[in-house]
Structures are given as structure tokens and as C-alpha cells.
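Single-structure report; data block below.
The values are calculated or read from the model by the stated rules, or taken from the named source; none is laboratory data. Computed from a predicted model, the values in this text were never measured in an experiment. Heads up, the Cβs are rebuilt from the backbone with ideal geometry, glycines too, and the neighbour counts pull from every protein chain shown. For accessibility, only protein heavy atoms count, side chains too; no ligands or nucleic acids. Shrake-Rupley method; radii C 1.70, N 1.55, O 1.52, S 1.80 Å.
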Amino acid sequence: MSIHNEIAADFEHMLAEFGKPVQFLGRTLLAMISEPMLSGELVLGGEIDDIRFTAKVLRSALPELPRSGQIVHWDFKDYRIKGVMHRPPHAIVTLELGPANP
């Protein structure tokens, strides 16, 4: 078994125990959710609060590789994917999420 397969198996066990359900493209996936980071973003006319956090999911659980701009639903709210970190052959895909409508 390769190290990447071992990591995938361990991460799958972690998700089963600690994962939070998120919806992506009509599917419910388990994800490890980071603590949200609140920061201020300067925009025309002032400053708005911006929340960002990450969701780590198993690549094998995704119906397709996510892209920036797509929506993920978690904790009764919609969030927009701001960035995707996917490094084959790693088994984990990290999604950077922010407000759907800033």
C-alpha cells in the first residue's frame, strides 16, 4: 500500500468520526472544517466583514473536481469556493470557502 493510500484510509476514518456534512453538486460529503477566520475587506464605500475557512474532503468522494465560484452548502448557509488545492496523487482536496454573496 502506498503512503497516499494509507493517508486516504486514515483520513476516511477521521471523516467518519469527526467530519461535518457539506453539500456539493447535490451530494452530501463529509469534510473536516477549519475554524472560520473573520477579517475585514476594504471595498468601495467602506469595509465589510469577510469570513474564510477551509473544508478538506476526500478526492474519491467528489463527483468532479471543484472549481472557484461553485457553491458549497454547510451549516444552513451557502459558501462560494474561493480556491481549490488539489495535488495529485494526494487523496485530500482542500477548498477555501467564503461568503456566497459578499
Self-check item: Expected 222 nm ellipticity per residue - DSSP helices of 4 or more, -39500 (n - 2.57), all of the chain, to 500
Solution: -5000 deg cm²/dmol
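If you roll a 1.4 Å probe over the heavy atoms of the protein chains, what accessible area per residue do you get for the chain, in Å²? Write down the numbers at each step before the final one.
Values: 6650 Å² over 102 residues.
It amounts to 65 Å² per residue over the chain.
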Quiz item: What part of the accessible area of the chain, given as a whole %, is carbon or sulfur when the probe is 1.4 angstrom?
Solution: 56
Quiz item: Expressed as an acute angle from 0 to 90° and rounded to the nearest 10, what is the orientation of the C-alpha long axis of helix 3-18 relative to the principal long axis of the chain?
Solution: 60
Quiz item: Relative to the Cα centre, what is the charge dipole magnitude of the chain, using +1 at the beta carbon of each Lys and Arg, -1 at the beta carbon of each Asp and Glu, and rounding to the nearest 20 debye?
Solution: 340
Exercise. May I ask for the percentage of alpha-carbon pairs in the chain that lie more than 25 Å from each other?
Key: 22
